[in-house]
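A.B. asks: Sharing a structure with you now.
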Amino acid sequence: MSRPLYVAPIGAHHLDVVAELNDREVPRVSHLGPDGLRALLPVCDLGVVATDGAGAVAGFVLAIAPGAPYESVNYRWFDARGDDFLYVDRVVVAATHRRRRVATKLYDAVVARARATARDRVTCEVNIRPTNDASLAMHRDRGFVEVGRQDTTGGTLTVALLSLDVTGPV
Ligand SMILES: CC(C)(COP(=O)(O)OP(=O)(O)OC[C@H]1O[C@@H](n2cnc3c(N)ncnc32)[C@H](O)[C@@H]1OP(=O)(O)O)[C@@H](O)C(=O)NCCC(=O)NCCS
């Protein structure tokens with residue numbers, strides 16, 4: 001049976017739990033800490049949590065629009081192409097809540113935001129060295145296609161740069 005999920009903006013009371021969820025997943029996502037998250041949120045066009053029926057944070061997503069003051073090499077890769085995109089900087093679902101379509105629901109919010117702001121595509125990157133199979137499968141399920149690859153973090157990681165066209169019918 002599917003359980004209810006609620007999506008809401010990340011508030012001050014979520015900072016510690018969201019930063020902890022994030023930092024448990026390094027290197028699949030980069031480290032933040034509560035201070036890093038607090039600094040990043042104003043740069044984001046969208047920052048939301050999914051909470052379960054008991055009020056626990058099941059996952060979160062951060063997304064950034066073009067032209068933002070954000071130095072991530074993967075964000076810069078998309079920004080340099082001049083695309084009109086909403087970039088998913090990170091998505092994390094708590095280990096206790098995976099395979100229950102939490103990321104799917106968070107991506108519904110990202111796609112809705114991209115459409116509401118007349119963006120052409122949603123973009124992101126996923127590690128392929130070492131491979132992040134769950135994330136690759138989730139993005140494939142959502143319809144993302146690979147549009148490039150690059151080595152990052154001093155050559156220790158390789159990412160696939162992914163893109164989803166959101167200009168079609170809802
Ligand atoms: C990747 C991640 C966000 C997926 O979140 P999730 O809520 O479990 O994903 P969903 O339940 O919405 O999955 C949707 C579909 O994606 C695919 N999928 C997701 N996780 C999968 C896995 N571990 N293995 C195979 N397929 C998977 C399936 O097709 C799934 O549909 P199904 O369960 O009906 O078969 C989650 O595993 C996670 O937080 N991982 C650690 C952090 C991370 O890697 N973030 C992404 C960085 S790029």
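Computed from the coordinates by the stated procedures, all read-outs in this text should not be read as laboratory data. Bear in mind that the values here come from a model prediction, so they are computed numbers and not experimental data. Please note: Cβ atoms are built from the backbone with ideal geometry, for glycine as well, and neighbour counts cover all protein chains shown.
A.B. asks: Computed over the Cα atoms of the stretch 72-170, what is the ratio Rg over Rh, Rh following Kirkwood?
C.D. replies: 0.96
A.B. asks: In addition: Projecting each Cα onto the charge dipole of the stretch 37-122 (Lys/Arg +1, Asp/Glu -1 at the beta carbon, about the Cα centre), which of 93, 68, 110 comes out farthest on the positive side?
C.D. replies: 93
A.B. asks: Any chance you could run the full-extension gain for residue 150 through residue 83? It's 0.36 nm times the residue separation minus the Cα-Cα distance, nm to one decimal.
C.D. replies: 22.4 nm
A.B. asks: Scale the Cα Rg of the stretch 66-125 by the rule-of-thumb value 2.2 N^0.38 Å and send over the ratio, two decimals.
C.D. replies: Taking the Cα Rg and dividing by 2.2 N^0.38 Å, one obtains 1.24.
A.B. asks: Hey, if you put +1 on the Cβ of every Lys and Arg and -1 on every Asp and Glu Cβ in the chain, which of 43, 157, 169 ends up farthest toward the positive end of that dipole?
C.D. replies: 169
A.B. asks: Compute, for the stretch 14-56, the length of the dipole vector about the Cα centre, with Cβ point charges of +1 (Lys, Arg) and -1 (Asp, Glu) only. Units Debye, rounded to 20.
C.D. replies: The dipole magnitude comes to about 80 debye.
A.B. asks: Pairs of Cα atoms under 8 Å, at least six residues apart: use those to get the relative contact order of the chain, whole percent.
C.D. replies: After rounding, I find 18 percent.
A.B. asks: How big, in percent, is the set of alpha carbon pairs in the stretch 5-119 lying more than 24 Å apart?
C.D. replies: Cα-Cα pairs of the stretch 5-119 separated by over 24 Å account for 22 percent.
A.B. asks: Follow-up question, since we're still on this one. With the crude spin-label approximation of a point 7 Å out along Cα→Cβ, what separation in nm comes out for residue 141 versus residue 56?
C.D. replies: About 1.9 nm, to one decimal.
A.B. asks: May I ask you to list the residues of the stretch 20-57 whose amide nitrogen lies under 14 Å from a point 7 Å from Cα along the Cα→beta-carbon direction of residue 98?
C.D. replies: It comes to 22, 24-29, nothing else.
A.B. asks: Still on this model: About the Cα centre, and with charges only on the beta carbon of Lys, Arg (+1) and Asp, Glu (-1), how big is the dipole of the chain? Nearest 20 debye, please.
C.D. replies: Charge dipole, the chain, about its Cα centre: 520 debye, nearest 20.
A.B. asks: What spacing in nm lies between the two simple spin-label points modelled at residue 73 and residue 43, each 7 Å away from Cα in the Cβ direction?
C.D. replies: Here the answer is 1.6 nm between the modelled labels.
A.B. asks: If you don't mind, another one. Per DSSP H run of at least 4 residues, take -39500 (n - 2.57); add these up for the chain, divide by its residues and hand me the 222 nm value, nearest 500 deg cm²/dmol.
C.D. replies: Taken over the chain, the calculation gives -8500 deg cm²/dmol.
A.B. asks: Considering only DSSP beta bridges where both residues belong to the stretch 46-170, give the percentage that are antiparallel (nearest 5).
C.D. replies: Counting only bridges with both partners in the stretch 46-170, antiparallel ones make up about 90 percent.
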